[in-house]
């Protein structure tokens, strides 16, 4: 049977103070999250706008005849993809663009699940290193 916290002992007072602190912290996190969300909504362009669709279409018209690798605008990523082995490049692009699971990729390539994830994350680490990012 549980004893009711009536706030008379030192431990109960401390527990009540911590609970009040926790509730206040959660409340402020929620308020800050909603403020950031509202700010982003003001900045972002709604997808329903017709002009935005025309902008996307015009950009697609310019690049649709180019090979995929030449459509990549980031020079570091482009270099990394050119330098990568065919299998690593395939795993990365299939995972990112086709949104396929590691399990599907491992079955298709005849690798273990762990090997497939290792190759993918090793490629990501190489790209981060090339971009000057921090390594673990």
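A few notes on this one:
- With neighbour counts taken as other beta-carbon atoms within 10 Å, the residues 76, 26, 127 rank, fewest first, as 26, 76, 127.
- Extension gain for residue 16 to residue 76 (0.36 nm times residue separation, less C-alpha to C-alpha distance): 16.2 nm.
- Neighbour-count order for 21, 90, fewest beta carbons within 10 angstrom listed first: 21, 90
- Relative contact order (%) - segment 68-130, alpha-carbon pairs under 8 angstrom, separation at least six: 36 percent
- Packing-based exposure ordering (other Cβ within 10 Å, fewest first) of 106, 101: 101, 106
- Per-pair calculated FRET efficiency, R0 = 30 Å: residue 103 and residue 35 via Cβ, rounded to 0.05: 0.15
A short reminder: the numbers here are calculations on the coordinates, not readings from a lab. None of these values were measured; they are calculated from a predicted model. Neighbour counts run over all protein chains shown; Cβ positions are idealised from the backbone, glycine included.
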